[in-house]
1. Round to a whole number: what % of the accessible area of the stretch 400-456 belongs to carbon and sulfur, probe 1.4 Å?
2. Hey, what's the stretch 323-429 come to in accessible area per residue, 1.4 Å probe, Å²?
3. By the gyration tensor of its Cα atoms, with a ≥ b ≥ c the square roots of the eigenvalues, what is the shape of the stretch 1-92: rounded for a/c under 1.5, prolate for a/b over b/c, or oblate?
4. Tell me, in nm to one decimal, what length is gained between TRP417 and VAL19 on full extension, where the rule is 0.36 nm per residue of separation less the Cα-Cα distance?
5. Leaving out ligands and nucleic acids, and using a 1.4 Å probe, what accessible area per residue does the stretch 5-154 come to in Å²?
6. Among the GluC sites (Glu not before Pro) within the stretch 397-436, which fall in a DSSP loop and have no more than 15 other Cβ atoms within 10 Å of their own Cβ?
7. Which angle from 0 to 90°, rounded to the nearest 10, does the C-alpha axis of helix 351-368 make with the longest principal axis of the chain?
8. Calculate the tail of P(r) for the stretch 5-154: the fraction of all Cα-Cα distances greater than 25 Å, expressed in %.
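The values are calculated or read from the model by the stated rules, or taken from the named source; none is laboratory data. Keep in mind that what you see is a predicted model, and the values were worked out from it rather than measured. As a convention, Cβ positions derive from the backbone with ideal geometry for all residues, glycine included, and neighbour counts pool all protein chains shown. The accessibility values were calculated without ligands, DNA or RNA, using every heavy atom of the protein model including side chains. Shrake-Rupley method; radii C 1.70, N 1.55, O 1.52, S 1.80 Å.
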Amino acid sequence: MERDTIILFYPLVDKKRQVSNLPFPILYLERMIRDSGLITILLDERISPDYEIIIEKNKDRILLAGVSAMIGYQMISGSKFSESIKKHTQAPVVWGGWYANVLPELLLKLEFIDFVVVGQGEIAFKELCLALYQKLPLENIKGLGYKDSNGIIINEKATLIDEKTFPNVDYSLIDINAIIESNGIPAPEERSINYIATIGCPYDCHFCCLAAIWGKKFFAKKVDVILNDLELFIKTGNIKKIAFDDDNFFGNKSFVQNLCNGIIDRGIQLKWEANAHVSTFLKNYTEEDIRLIYKAGCRAIRLGAESGDQEILVKVNKRINVSDNYEIVKLLGKNKIKPVFYIMVAFPWDPDKDFKLTLDMVGKAKTINSNLEAGINFFVPLPKTKLYDEGIEYGFQPFKDHFELIDFIGKEYVAPWWKHDYRKELYIFLRVYFKYANPRHYKSQFGLLKIFSFIATIFLYPISYLRLRYGFRKAPFEAYIYFGLRRFLNAITGWNSKDDEESMARTRSWKR
Ligand code: SF4
């Protein structure tokens with residue numbers, strides 16, 4: 001039987017709770033081989049958990065199996081799929097995505113992985129499929145990693161190409177409604193999905209691997225293509241919200257203006273959020289532009305505020321000032337757009353100092369705009385970034401293999417340079433003071449919890465406001481009383497502590 005089938009797998013992102021993300025990596029690859037005469041099977045583990053049956057059914061036809069994985073649970077679910085391919089078929093397995101980009105050698109050491117693709121995956125993937133189909137050599141495929149008798153070989157990476165030259169994505173290949181409902185049916189106004197409108201970023205922050213992988217380039221999709229896609233999602237999935245997952249959505253002002261005008265002209269009714277670089281946004285967007293962005297449906301902007309320690313901002317090459325963070329929360333508040341800070345704390349140089357100054361900054365910004373939200377992560381040196389070697393100098397242990405990395409991801413992180421465990425202070429900060437510094441926060445709760453939160457707000461709002469305003473976090477007695485009351489009420493009412501877990505989850509994740 002001819003081997004003419006490519007199977008592309010999008011692994012589970014989390015063991016328990018799924019995100020309603022479109023499986024862009026496999027959709028992007030499918031379009032590249034659509035007209036090649038090969039058959040493509042797309043497998044999204046959320047929709048096809050019983051993928052082994054499909055592998056078994058096609059075992060004699062599979063030419064290549066592809067997996068796209070980020071660093072996180074996808075490493076585990078992608079490994080299980082790859083082992084299953086090896087168990088049932090003779091087909092080789094290729095991995096792409098962020099994991100393959102930052103640690104390709106780790107993947108190629110595994111028996112169940114034959115190839116990796118680094119850099120932009122589309123062209124290398126297409127060339128690999130055709131090379132296997134036509135039995136051509138692999139040496140000239142840019143960005144391809146493989147192993148032979150000489151060991152691991154990773155070919156030179158290709159430069160990032162504007163995807164406007166690639167065929168359009170075919171969303172009819174996936175079940176959009178099943179993805180939106182992968183955690184149960186959401187309320188009609190909460191039907192949401194993610195989207196990627198651009199690729200790349202012109203900055204080179206030293207904790208981020210984007211510049212090393214894509215070379216500081218930035219391209220946006222055609223505005224008409226995006227608008228057509230949004231209309232399709234509304235028609236097929238009845239979506240009301242879009243999360244633009246671009247690294248630097250606001251990086252090109254004329255693109256943003258054209259997109260916003262297009263959304264308004266076509267009458268597209270969606271609430272959306274996207275990422276911005278703080279100083280670029282402040283420099284390039286006037287209040288008139290922000291009003292246009294709001295009119296087009298933008299309700300939140302995620303910002304890499306990163307740190308309240310100016311020395312850190314310079315060292316990581318963030319190209320913003322601490323004062324920019326105050327300015328932007330004020331500006332967005334005035335224009336009814338919610339700011340969301342992404343923050344990193346406990347860098348190797350002086351973790352006590354940056355931790356303190358950063359919590360001071362986030363707290364003060366919250367008193368300027370009580371709608372501010374923040375995700376606070378501990379700094380972890382990521383391979384392929386400029387801070388990786390420095391992290392190793394400060395005692396960070398490089399991962400020897402895939403399994404050590406999986407072990408690391410599953411554990412509570414403590415860096416060798418930490419002077420004490422920062423988690424407890426961060427937990428109290430996020431769970432009590434940051435939360436109750438918004439006097440309207442109880443409105444997002446339901447039932448008895450709403451009543452409890454309302455009463456707690458009466459007592460905790462003034463204390464939280466003053467503590468955040470003046471950066472005073474010592475002797476948090478009222479926080480202990482609050483936790484005691486919560487535990488007592490949890491015990492007698494059977495409430496779960498989901499929001500506690502969410503606060504802690506924010507302190508654990510990696511940048512990629
Ligand atoms: S952290 Fe953000 S702004 Fe900095 S290089 Fe990465 S994507 Fe660009």
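1. Its accessible area is 64 percent carbon and sulfur atoms.
2. Dividing the accessible area of the stretch 323-429 by its residue count gives 43 Å².
3. Oblate is the answer for the stretch 1-92, as a/c is 1.5 or above yet b/c matches or exceeds a/b.
4. Stretched fully, the TRP417-VAL19 segment lengthens by 140.0 nm.
5. On the way: 6130 Å² over 150 residues.
Accessible area per residue, the stretch 5-154: 41 Å².
6. Here the sparse-neighbourhood loop sites are GLU412.
7. 70 degrees
8. On the way: 2255 of 11175 pairs.
Considering the stretch 5-154, 20 percent of its Cα-Cα pairs are separated by more than 25 Å.
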